[in-house]
Amino acid sequence: MEMELLRANLTKVRIPEPTNRIYKQECCISFDTPKSEGGLFVDMTTFLAFGKDYVGWNFEKTGNPVYLHIKQTKKPIPEDRPLKKPTRLAIGIDGGFENQESEYDETYSIVILPDYATFPFPSVALPEKVRLAVDAILIAEGAERKEQVASWTADKKQISEHALTLKQIDNGVIIPPSGWKCAKCDKTENLWLNLTDGMILCGRKLWDGSGGNNHAIEHYNETRYPLAVKLGTITSDLEGADVFSYPEDESVTDPLLADHLAFFGIDFSSLQKTEMTTAEKELDQNTNFDWNRIQESGKDVEPLYGPGYTGLTNLGNSCYMAATMQVVFSTHSFCSRYYMNQSLKQAFTIAPADPTVDLNMQLTKLANGLLSGKYSVPAARNDDMANAADSSPNEKQEGIRPRMFKSVIAASHPEFSTMRQQDALEFFLHFIDQVERANAGKPESDPARSFKFGIEERLQCPSGKVAYNKRNDYILSLNIPLEKATNKKELEEFHKLKAQKEAEGTKIESDEIVRPRVPLSDCLDSFSHPEEVQGFYSTALNARTTAIKTAGLTSFPDYLVLHMRKFVMETGWVPKKLDVYVDVDDVIDITHMRSKGLQPGEELLPEEAPGGQEEAAKLLPNDDIVSQLSSMGFNQLHCQKAAINTSNAGVEEAMNWLLSHMDDPDIDAPIDNKAKSNDVDPSKVATLVSFGFDEEIASKALKASGGDIEKATDWIFNPPASSGPTDMDATSSSGPAVDAALPDGAGKYRLIGLVSHMGTSTQCGHYVAHVYKEGRWVIFNDDKVGVSKDPPKDMAYLYFYERIQS
């Protein structure tokens with residue numbers, strides 16, 4: 001009797017505790033959900049969920065036979081349901097974006113493997129333990145929901161630490177209810193009232209020239225008066241007022257705002273709202289993307305479905321991840337590693353007990369979701385949409401929700417676990433680092449290696465002697481030399497027109513704007529172009545001097561990622577986005593960028609100065625660079641390392657290095673300030689030599705291992721990749737220095753992918769990917785996938801090139 005079969009397996013049924021993670025919305029090894037044709041099976045021992053095609057694998061691996069089967073069937077949506085305009089940056093809550101997902105009927109049953117014996121639920125005939133376990137599973141909030149809440153809102157503002165102790169100056173200032181103007185210019189919008197002295201000043205200037213003239217923040221820099229409220233956002237509902245704290249550098253809550261306003265004679269109950277708050281501007285940006293070119297808005301984009309054309313549903317500001325992963329999984333290295341050469345079953349078999357926390361499993365799951373075509377189907381249209389006359393071809397597809405992948409990849413990086421927008425470059429570097437760590441010891445199967453290359457910097461001091469420093473990287477970060485613009489005449493005429501229209505008080509139309517056009521070749525040349533390095537310590541001269549630095553690549557990766565430095569810092573550390581086009585070629589040749597290494601006739605700088613002078617290092621950090629980075633909130637030691645590792649080239653270069661190396665395991669290790677020739681114990685060298693190792697190799701290994709013989713032995717057998725300029729990086733042989741562990745080949749590349757960004761900074765806005773597939777460009781805009789008619793090659797933030805095999 002089947003009920004006896006269930007009773008015989010009661011020991012395999014657990015009643016979940018409040019601390020148990022219960023998965024019931026998505027299969028842990030595929031993107032099947034209760035809405036899928038076969039529904040979802042929840043293991044009543046581990047509370048992991050599996051789709052119909054995969055639950056048998058779990059039974060084979062664990063022997064767990066009892067499952068709760070959940071199946072959802074869509075209900076029809078009433079045709080007369082009104083659609084409301086959102087007023088809050090939120091989903092699924094009052095005033096927010098309407099969660100237009102269909103409603104579903106949900107049915108349950110108990111299933112016992114391997115024969116799929118089925119018992120309906122609810123049923124009084126079921127054993128009490130089973131009924132209690134199922135009730136607890138259904139009542140509990142799913143682990144997926146805890147990690148990725150659908151009803152997300154903009155980060156809740158914190159109460160300012162300055163609000164409760166704010167001292168206001170009784171200077172007789174009374175603020176009128178209207179007619180405000182900046183005290184230092186003619187701006188009448190974007191005005192901020194300083195709550196200490198009552199000064200009304202304009203806000204920050206934005207990258208596109210809009211906004212204010214920075215007078216409010218300049219006033220703070222002069223006076224250190226901490227809080228300001230945006231005029232035009234104050235109404236009888238004070239919670240909606242936009243209060244900004246300059247020391248905390250964020251929007252805050254002032255619980256005493258009514259008193260602080262009354263001090264300057266403001267009766268907030270009579271004020272009408274005239275300005276958008278910061279969050280509402282973000283909402284406006286989310287609902288009305290005004291970036292038609294990158295998203296190819298207004299064009300009839302032919303939707304694409306099938307293998308390799310699967311969209312990624314936005315989890316809430318996750319487009320930076322979606323755009324990056326679409327390009328990454330268009331590369332042969334990642335497709336091979338996580339799709340062609342490893343099946344879902346293989347990954348699940350070797351996964352730990354909880355496959356939801358295993359990066360290898362979740363990458364294989366993501367690869368199958370993106371590349372198999374199983375989930376690349378048109379989204380089911382609601383009845384009211386299906387009956388509508390409009391049958392636009394720009395349809396969404398069902399796509400997949402990469403929740404578990406995001407949870408795993410963000411586990412070691414708290415910023416990526418938030419719902420905030422992130423920098424796609426920073427995410428790419430973090431992702432590659434995690435993949436490399438997961439494949440440690442198996443370089444032949446590490447797909448991250450396909451992006452890795454060596455950089456060699458040559459430093460020449462006035463003595464004529466040289467030093468060579470090497471490091472490895474995954475991206476080539478390029479400055480955009482605006483002085484190389486090819487349309488200078490048009491720019492000159494545009495600036496004249498702009499000045500004329502400003503004088504007339506008229507507005508420049510969007511089709512009149514002219515932007516600089518800089519060839520990619522000039523950006524690449526700027527990387528290798530000689531530049532001066534101030535404060536370089538020359539051991540040949542035993543003094544600080546100015547050195548000339550040039551750079552080149554010691555190897556050419558399978559995939560070359562170019563990062564365009566479109567975001568720069570203006571005076572006062574206001575971020576500015578360069579409004580520029582970069583003219584890129586589909587095929588580039590960087591053969592000329594290969595480093596030549598130590599050349600015949602060149603002489604290396606000695607390791608220590610004549611006469612035994614012991615200088616801390618060849619290069620000490622530039623104090624100005626360190627102090628400026630420190631003032632931005634970065635760790636002092638990290639700032640010093642950033643300056644050293646970029647040869648004191650400048651603040652922007654140091655900041656880019658810092659952002660790319662925040663996760664380095666040795667980032668907090670102290671800088672070695674010892675002289676470099678006499679810091680090895682001769683007895684330890686002799687010990688290693690007695691093991692049969694070469695004396696020079698033994699010395700280098702001990703230097704690299706802090707004098708630890710055991711670590712030095714391990715270093716000899718497994719030398720790590722260079723992480724920065726050290727004395728071991730000095731090239732001591734003629735010809736280019738090549739790391740045999742890095743991929744290498746010809747220097748000719750073809751463009752295969754773009755990640756483009758829209759918005760004022762990398763922490764806001766929207767990211768879109770374009771990928772060259774099967775002879776055509778394809779746009780990946782979250783869950784929208786289609787044929788690209790005009791890929792924005794001149795506007796991308798990241799360019800992905802694939803080496804052309806000779």
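The values are calculated or read from the model by the stated rules, or taken from the named source; none is laboratory data. Every value quoted in this text rests on a predicted model; they were computed, and no experiment measured them. So basically every Cβ, Gly included, is an ideal-geometry build from the backbone, and we count neighbours across all protein chains shown. Quick note on the areas: whole protein, heavy atoms, side chains included, nothing else; ligands and nucleic acids left out. Shrake-Rupley method; radii C 1.70, N 1.55, O 1.52, S 1.80 Å.
Scanning segment 332-348 for residues that are open to solvent by 90 Å² or more (accessible area, probe 1.4 Å) and not in a loop (DSSP other than H, G, I, E, B) yields His332, Met340, Gln346. Among the residues that make up segment 485-502, is at least one of them over 30 Å from Leu459 (Cα atoms), touching a residue at least 40 places away in the same chain (Cβ under 8 Å) and not in a helix (DSSP H, G or I)? Looking through segment 485-502, at least one residue is over 30 Å from Leu459 (Cα atoms), touching a residue at least 40 places away in the same chain (Cβ under 8 Å) and not in a helix (DSSP H, G or I).
Taken together, the criteria place Gly265 among residues that are among the small types (Gly, Ala, Ser), surrounded by fewer than 19 Cβ atoms within 10 Å (Cβ to Cβ) and modelled with pLDDT of 65 or more. Set side by side, the residues Asp525, Asp511 differ, and just one is charged (D, E, K, R), out of contact with any helix residue (DSSP H, G or I) (no Cβ under 6 Å at 6 or more places or on another chain), closer than 22 Å to Arg458 by Cα and open to solvent by 60 Å² or more (accessible area, probe 1.4 Å), which is Asp525. Of all residues in segment 411-439 being touching a Cys at 6+ places or on another chain (Cβ under 9 Å) and modelled with pLDDT under 80, which is nearest to Lys157 (Cα to Cα)? If we take residues in segment 411-439 being touching a Cys at 6+ places or on another chain (Cβ under 9 Å) and modelled with pLDDT under 80, then Arg420 is nearest to Lys157 (Cα to Cα). If the condition is being without any contact (Cβ under 8 Å) to a residue 24 or more places away in the chain and closer than 29 Å to Val768 by Cβ, then segment 343-368 contributes no residue at all. Among residues of segment 775-806 being without any contact (Cβ under 8 Å) to a residue 40 or more places away in the chain and open to solvent by 50 Å² or more (accessible area, probe 1.4 Å), the one that is nearest to the chain's Cα centre (by Cα) is Arg776. Restricting to segment 632-654, name every residue that is free of Cβ contacts under 8 Å to residues at least 40 places away in the same chain and either β-branched (Val, Ile, Thr) or at negative phi (or both). Within segment 632-654, Phe634, Asn635, Gln636, Leu637, His638, Cys639, Gln640, Ala642, Ala643, Thr646, Glu653, Ala654 meet the criteria. Exactly one residue out of Ser463, Ser450, Ser477 is among the hydroxyl-bearing types (Ser, Thr, Tyr) and assigned to a strand (DSSP E or B): that is Ser477. Residue count for segment 7-49 satisfying the condition of being under 17 Å from Glu106 (Cα atoms) and touching a Cys at 6+ places or on another chain (Cβ under 6 Å): 1.
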